[in-house]
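Remarks on the structure that follows.
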Amino acid sequence: MLDYGSIYQQYARLLAYYETSAENVRAAIRSLARGELDRAPMPGWAATVRAAATLEASARVVDQWADQHAAPRRARGLSRATRERRAQTIRALAQFDRHEPRRREDLRIPVPGIGSLVRRGYLIRKGNGYIRSAKPYRLNPTGPA
């Protein structure tokens, strides 16, 4: 059986605690509004408010500096190195047939990272070689083919 008297007493104590805390905050806000920062009712309140204002101001300065000195962003598109690497991958994938397995040693253009192409579904392991899957490989996956 629950003891409602003790639960009631616990809630009454919590209510009194939070009412006191709320009144302290209201008094501090009134002191700040009147410009009486040093006579705020809570000990250490003035130092805390000053420290917070200083931190906020320094954070704004750091953010402004970071914005001014940030590396310029590319407007759009892929970097030249990425386009060249993807073009090389397209040329390498063109060596594979959809039906006849090709061994890695028989290729004209070396295919580095053949395992990643298998993992991503562009090539399929068949016997001692690889065949090309139907999955298209595009130079720019987000743009036109």
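Would you check which residues across region 104-134 are among the basic types (K, R), touching a Phe, Trp or Tyr at 6+ places or on another chain (Cβ under 8 Å) and at pLDDT 90 or above and list them?
Our first condition is that a residue be among the basic types (K, R); within region 104-134, this holds for 104, 108, 119-120, 125-126, 132.
With touching a Phe, Trp or Tyr at 6+ places or on another chain (Cβ under 8 Å) added as a condition, the list becomes 104, 132.
Correct list: R132 only.
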Problem set entry | Matching option when the condition is modelled with pLDDT under 90, among the hydroxyl-bearing types (S, T, Y) and surrounded by 11 or more Cβ atoms within 10 Å (Cβ to Cβ), among T82, T142 | T82
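The values are calculated or read from the model by the stated rules, or taken from the named source; none is laboratory data. Worth saying up front: this structure is predicted, and the values here are computed from it rather than measured. We place every Cβ from the backbone using ideal geometry, glycine too, and count neighbours over all the protein chains shown.
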